[in-house]
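Each remark here refers to the structure printed beneath this line.
The values are calculated or read from the model by the stated rules, or taken from the named source; none is laboratory data. Values in this document were obtained by computation on a predicted structure and should not be read as measured data. No Cβ is skipped: glycine too gets one built from the backbone with ideal geometry, and neighbour counts run over all protein chains shown.
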Amino acid sequence: MRDYRAPASVAAVALIGLGALIARRKPMPVGNASVPLPAKPVALGRYLGLWYEIGRYENGFERGLDGVTAEYRARPDGLIQVVNIGRRGGPAGAAKLAEGRAKVVDGSGGARLKVAFFGPFYADYWVLDHADDYAWSIVGEPSGRYLWLLCREQRPAEELRAALKQRAADLGYDTRLIRPTAQ
């Protein structure tokens, strides 16, 4: 009968390799250690539609992307269809598409959602603040590792960009971590 156990040296090399991979993955910084609850309710019908990302905390699933948009559409089953598009190599680069679904968290005034892009795994999506006319929104989640500054305009005026960054700072976010998104 054959012995299919790996020698200890092979197992040690495999563990060292796995450890090196994990160590190389730099954890995302926490940009807000005390994320506030959303500032006001969200009228979902007004939030739906196309948003342009004007800045974000860099993250693994968007690393290096520009020309990023997020579109939210009502589905017949009561969920929200989420279509995110980002482009590699600049705003005119090759498109990367991610489609998902979202559901509103009961009792949140429409400001907290659960979003899923992969299987049954849902992540938090909090509309922390938004303009009264829904011209801009600031989105985060409880860990403080993710932040998005969104606008209905593809290229908003510098004054609006600065105001959004200031509002993010007022919400407790380290604005030095915001990566501007080229549109």
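Given the range 63-165, what strands (runs of 3 or more DSSP E) lie entirely inside it while holding 3 or more residues that are modelled with pLDDT of 95 or more and of a type in the set (A, V, I, L, M)?
Strands (runs of 3 or more DSSP E) meeting the threshold: 65-74, 80-88, 94-104, 112-118, 121-130, 147-151.
Output the number of residues of the range 54-64 satisfying the condition of being crowded, with 18+ Cβ neighbours inside 10 Å, touching a residue at least 40 places away in the same chain (Cβ under 8 Å) and not β-branched (Val, Ile, Thr). Talk me through it step by step, then tell me what you get.
Step one: of the range 54-64, the residues crowded, with 18+ Cβ neighbours inside 10 Å are 54-57, 62.
Now narrow it down to the ones that are touching a residue at least 40 places away in the same chain (Cβ under 8 Å): 54-57.
Imposing the further condition that a residue be not β-branched (Val, Ile, Thr) reduces the set to 55-57.
Looking only at that region, the number is 3.
Name the residue that is farthest from the chain's Cα centre (by Cα), counting only residues in the range 24-69 that are among the aromatic types (Phe, Trp, Tyr) and under 22 Å from Ala163 (Cα atoms).
Out of the qualifying residues, it is Tyr47.
Those residues that are more than 22 Å from Asp66 (Cα to Cα) and touching a residue at least 60 places away in the same chain (Cβ under 8 Å), I need them from the range 79-108; list them, please.
Of everything in the range 79-108, those that are more than 22 Å from Asp66 (Cα to Cα) and touching a residue at least 60 places away in the same chain (Cβ under 8 Å) turn out to be Val104, Ser108.
Scan the range 109-135 and report the pairs whose first residue is touching a residue at least 12 places away in the same chain (Cβ under 8 Å) and whose second residue is aromatic (Phe, Trp, Tyr) and in a strand (DSSP E or B), with Cβ atoms within less than 6 Å and a gap of 6+ or a chain change.
Here the result reads Arg112/Trp126; Leu113/Tyr125; Lys114/Tyr122; Val115/Tyr125; Ala116/Tyr122, each pair linking the range 109-135 to a residue that is aromatic (Phe, Trp, Tyr) and in a strand (DSSP E or B).
Would you please name the residue that is nearest to Leu79 (Cα to Cα), looking only at residues in the range 114-149 that are in contact with a helix residue (DSSP H, G or I) (Cβ under 9 Å, 6 or more places away or on another chain) and of a type in the set (A, V, I, L, M)?
Step one: list which residues in the range 114-149 are in contact with a helix residue (DSSP H, G or I) (Cβ under 9 Å, 6 or more places away or on another chain), which gives 127-130, 133-138, 140, 147, 149.
Those still in the list that are of a type in the set (A, V, I, L, M) too: 127-128, 135, 138, 147, 149.
On the way: Val127: 17, Leu128: 20, Ala135: 23, Ile138: 21, Leu147: 23, Leu149: 23 Å.
So, considering only residues that are in contact with a helix residue (DSSP H, G or I) (Cβ under 9 Å, 6 or more places away or on another chain) and of a type in the set (A, V, I, L, M), the one nearest to Leu79 (Cα to Cα) is Val127.
In the range 67-85, what count of residues is obtained for those that are closer than 18 Å to Arg152 by Cβ and out of contact with any Ser or Thr (no Cβ under 6 Å at 6 or more places or on another chain)?
Filtering the range 67-85 down to residues closer than 18 Å to Arg152 by Cβ leaves 67-74, 80, 82-85.
From what is left, the residues that are out of contact with any Ser or Thr (no Cβ under 6 Å at 6 or more places or on another chain) are 67, 69-74, 80, 82-84.
The number of residues fulfilling the criteria is 11.
If Ala95 satisfies all but one of (1) touching a Pro at 6+ places or on another chain (Cβ under 7 Å); (2) over 21 Å from Gly31 (Cα atoms); (3) surrounded by fewer than 16 Cβ atoms within 10 Å (Cβ to Cβ), what's the number of the condition it fails?
The single condition Ala95 does not satisfy is (1).
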